[in-house]
Amino acid sequence: MQRPEAWPRPHPGEGAAAARAGGPAPPVRAGDPAGLRLQEPSLYTIKAVFILDNDGHRLLAKYYDDTFPSMKEQMAFEKNVFNKTSRTDSEIAFLGGMTIVYKSSIDLFLYVVGSSSENELMLMSVLTCLFESLNHVLRKNVEKRWLLENMDGAFLVLDEIVDGGVILESDPQQVIQKVNFRADDSGLTEHSVAQVLQSAKEQIKWSLLK
């Protein structure tokens, strides 16, 4: 499925300002009802990325919009997603107006969530990049034990692929190069790694208490 060609995304408020100033409005498709305009394609394509263990408990998660603003709502969503996908062989699911692509590896489930109108191939490219990058960082051991012991690297990988819901990179080789550069440049200390691991443990504790 080919994505429609997008025009540049305005900054927030830009469209309204243009309308007030008499500037050009987005085009109207022939045959559209009066007042109904094409929806502008968005750069912000990713709603969430999360990794669960084989019991459905959260190990790593990042949400990029306010669809699920609270921890409780996020946990409930993750539980619903896990229940819908954990016993199927498919790689894509539709839930609550969202498109979800996922992949399992030993005792992990990796998920990438987009809107219902998002291109599944684009979401799948993000998922594949995430898995291949983690496969390198975890030395081909994409499983719960090694993920928890290398959570700092996992967060670096995710931050290089998606930033604020925008896809930055889908080539795992480029991601690994950037992660290695950031790790060397920042000089990750034992203290900073401990902070990341503590955050992961707190996420697991929340999932066990739900």
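The values are calculated or read from the model by the stated rules, or taken from the named source; none is laboratory data. Small disclaimer: the values here were computed from a predicted structure and weren't measured. For neighbour counting, all protein chains shown are included, and Cβ atoms are generated from backbone atoms with ideal geometry for every residue, glycine included. These accessible areas exclude ligands, DNA and RNA; they are computed on the full protein's heavy atoms, side chains included. Shrake-Rupley method; radii C 1.70, N 1.55, O 1.52, S 1.80 Å.
In the range 85-139, Cα pairs under 8 Å separated by at least six residues give a relative contact order of 25 percent. For the range 63-167, trypsin sites (Lys or Arg not before Pro) are listed when DSSP marks them as loop and at most 11 other Cβ atoms sit within 10 Å of their Cβ; the list is Arg87, Arg139, Lys140.
Computed from backbone phi, the HN-Hα couplings of the range 135-152 come to 4, 6, 4, 8, 6, 6, 10, 7, 8, 4, 4, 6, 5, 5, 7, 10, 5, 4 Hz, rounded to whole numbers (Karplus: 6.51 cos²θ - 1.76 cosθ + 1.60, θ = phi - 60°; Gly and Pro given as x). Amide H contacts under 5 Å for Leu60: Ile51, restricted to partners 5 or more places along the chain or on a different chain, H placed in the peptide plane at 1.01 Å from N.
So which of Lys62/Lys178; Lys144/Lys178; Lys72/Lys178 end up more than 30 Å apart by C-alpha? Table pairs above 30 Å Cα-Cα are Lys72/Lys178.
Roughly how many percent of the accessible protein surface of the range 47-117 is carbon and sulfur, given a 1.4 Å probe and a whole-percent answer? Answer for the range 47-117: carbon and sulfur cover 46 percent of the accessible area.
Computed with a 1.4 Å probe on the full set of protein chains, the accessible area for Phe131 sits at about 30 Å². Distant-in-sequence amide contacts of Leu95, defined by a placed amide H-H separation under 5 Å and a gap of 5 or more residues or a different chain, comprise Ile100.
Could you give the accessible area per residue of the range 52-131, probe 1.4 Å, as a whole number in Å²?
On the way: 3690 Å² over 80 residues.
Here the per-residue accessible area is 46 Å².
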